[in-house]
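For reference, the structure discussed in these notes is given below.
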Amino acid sequence: MKKLRFGIFGLGRGSSFISILQDFEEAEITALCEKEEGKLKSAGERCPGAKLFRDYEEMLDSGLDAVILCNYFHEHDVCACQAMERGIAVFSECTSSPTLAGCVRLVETAESTGVKYMLAENYPFSAALLEMKRIVSEGKLGRILYAEGEYNHALPREGLAGLTPGKYHWRAWMPRTYYVTHALGPLMHVTGEMPVKVNAFAVHSDVLEQYDDFRHNYDALAMMNVITDDGALFRATGCTAMGSASGYRFAGENGCVETGRTLGSMVNLSYQSWLVPEGEERNRTYDPQWPANAELAEKAGHGGGDFWTVWNFIQYLTKGTEPFFNVYRGVAMSAVAILGWRSCMEDGKTFYIPDFTKKEARDAVRDDDLTPFPDENGRVTLPCAIGKKMNGH
Ligand SMILES: NC(=O)c1ccc[n+]([C@@H]2O[C@H](COP(=O)([O-])OP(=O)(O)OC[C@H]3O[C@@H](n4cnc5c(N)ncnc54)[C@H](O)[C@@H]3O)[C@@H](O)[C@H]2O)c1
């Protein structure tokens, strides 16, 4: 069997895919790209035979079947297009694109080249969220009316500083709505629903403003209300600095299922007292089991999600099985983040999410390249925090 030749771009997060890929006999890592010498050298030692690159396009031209994009958060779309234009399949870390214009370019490049693209969103693939998908898909809860996704990743000053090298690093400028995929992705995956419109508010933090010497995103959180194509209400954060664990909840007409927060990796399933299905308990908390591949998932990061995203991508490349997080769902989540942020700046105004499958919807945002992320001269076209006075206090 001819192995799929993989390149990994960006060896911070990217290095966590090395051992996962090495467990797949269908794949081999033939190239690594990173501009920081220390990261390149230590990843190179783990991948005997891989060629080492400091330049991304040189790596693309080294003969690859697929590339894993773990470079800067706001530069995935351009790099994905460069790969697809060369016929190289893309496995992209979040986010798909930081601008609406970039979302259009990404979709149109995927369509015109016919090359495979998958967003590497991993949070929906923990044992608990896969179990919740099973419950919701079986219709036990009835129609889903409401779902919550809360992604919390608070760190002390030194932790934030360590993740934010350089004054123009993306983490120093990212508005609170932008890291949306870990909160919204699980809600979309469990229900199969697409976002249609969004409004949002952000909350300023005086504590974060004290870190002004290296970060400029002073909000602690943003909360987005998303109406879906099935008429449900999703409430999703981006990444927040709240002091609790992440959590997810699905409320249907018959009952509720949730995980995270105080439940850890357990699942709590409850029904309305008059709607308990035969053979079920009114309320129970339990440890969910993996549907398959338990051993490999168990040893991978992010609750097993890192294994499942790679597994899904390899199924896509070898068997053509379309992954859930295709380019349309990827850009839909980016658009929620982008327009959710505009809503924060416009006092909670509602914005409609473009349907990127339609040309007229693309044309309406084709030139919309506003961004809170600085270019190499520090120029931005959007603020990255709402400011103290915004929410009327
Ligand atoms: N899904 C998850 O659970 C998860 C976890 C961590 C990070 N991520 C995502 O992965 C991506 C990377 O995260 P990170 O924490 O490693 O970010 P980072 O900014 O710390 O690291 C990016 C790396 O890419 C390298 N790089 C960027 N541009 C380059 C270029 N032109 N040439 C050579 N090297 C270049 C940098 O030197 C750096 O080492 C982000 O999009 C982040 O959102 C996802």
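A few comments on the model shown:
Each row is one residue, and each column tells you yes or no for (1) closer than 20 Å to Asn326 by Cα; (2) over 17 Å from the mean Cα position of the chain (by Cα); (3) near the ligand (Cβ under 8 Å from one of its atoms); (4) not basic (Lys, Arg).
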| residue | (1), (2), (3), (4) |
| --- | --- |
| Phe6 | yes, yes, no, yes |
| Leu52 | no, yes, no, yes |
| Glu57 | no, yes, no, yes |
| Met84 | yes, yes, no, yes |
| Val90 | yes, no, no, yes |
| Pro98 | yes, no, no, yes |
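- Top-ranked residue of segment 285-337 - restricted to ones that are over 15 Å from the mean Cα position of the chain (by Cα), β-branched (Val, Ile, Thr) and under 26 Å from Ile88 (Cβ atoms), ranked as farthest from the ligand (Cβ to nearest atom): Thr318
- For Lys2, the criteria (1) part of a helix (DSSP H, G or I); (2) at pLDDT below 95 hold in every case but one, which is (1).
- Residue within segment 116-132 that is free of Cβ contacts under 8 Å to residues at least 12 places away in the same chain and within 30 Å of Tyr286 (Cα to Cα) present: no
- Segment 69-83, residues that are of a type in the set (A, V, I, L, M) and buried (at least 23 other Cβ atoms within 10 Å of the Cβ): Leu69, Ala80, Ala83
- Selection count, segment 117-153, where residues are touching a helix residue (DSSP H, G or I) at 6+ places or on another chain (Cβ under 6 Å) and not in a strand (DSSP E or B): 11
- Those residues of segment 5-25 which are in contact (Cβ under 8 Å) with a residue 60 or more places away in the chain and either part of a loop (DSSP other than H, G, I, E, B) or in contact with a Lys or Arg (Cβ under 8 Å, 6 or more places away or on another chain) (or both), in sequence order: Gly10, Asp23, Phe24
- Leading residue by the ranking (farthest from the ligand (Cβ to nearest atom)) among those in segment 128-145 that are farther than 19 Å from Trp308 by Cα and buried (at least 23 other Cβ atoms within 10 Å of the Cβ): Leu141
- Checking each residue in segment 226-273 for being of a type in the set (D, E, K, R) and within 14 Å of Ile135 (Cα to Cα) picks out Arg249, Glu253, Glu258.
- Odd one out for Glu193 among (1) within 14 Å of the ligand (Cβ to nearest atom); (2) at pLDDT 95 or above; (3) part of a loop (DSSP other than H, G, I, E, B): (1)
- Test: residue in segment 371-378 that is in contact (Cβ under 8 Å) with a residue 12 or more places away in the chain and within 13 Å of Ala200 (Cβ to Cβ): no
- Residue that is surrounded by the fewest Cβ atoms within 10 Å (Cβ to Cβ) [pool: residues in segment 154-172 that are within 12 Å of the ligand (Cβ to nearest atom) and either part of a loop (DSSP other than H, G, I, E, B) or touching a residue at least 60 places away in the same chain (Cβ under 8 Å) (or both)]: Gly166
- All conditions in (1) in the same structural domain as Lys167 (by TED's automatic domain parsing); (2) acidic (Asp, Glu); (3) touching a residue at least 12 places away in the same chain (Cβ under 8 Å) hold for Glu346, with the sole exception of (3).
- Qualifying residue in segment 250-272 (condition: in a helix (DSSP H, G or I), on the phi < 0 side of the Ramachandran plot and not acidic (Asp, Glu)): yes
- Listed by first and then second residue, the pairs with beta-carbon distance under 9 Å, at least 6 apart or on different chains, first residue in segment 276-303 and closer than 14 Å to Glu131 by Cβ, second of a type in the set (Phe, Trp, Tyr) and in a loop (DSSP other than H, G, I, E, B), are Ala297/Trp290.
- Output for segment 246-257, where each listed residue is crowded, with 16+ Cβ neighbours inside 10 Å and more than 20 Å from the chain's Cα centre (by Cα): Ala251, Gly252, Asn254, Gly255, Cys256, Val257
- Checking the stated criteria, Ala232 turns out not to satisfy the condition of being farther than 25 Å from Trp341 by Cβ and touching a residue at least 60 places away in the same chain (Cβ under 8 Å).
- Selection from segment 109-127 of residues that are out of contact with any Cys (no Cβ under 9 Å at 6 or more places or on another chain) and surrounded by fewer than 21 Cβ atoms within 10 Å (Cβ to Cβ): Glu111, Ser112, Gly114, Val115
The values are calculated or read from the model by the stated rules, or taken from the named source; none is laboratory data. The structure displayed is predicted, hence computed values, not measured ones. Cβ sites come from the backbone with ideal geometry, for glycine too, and all protein chains shown count toward neighbours.
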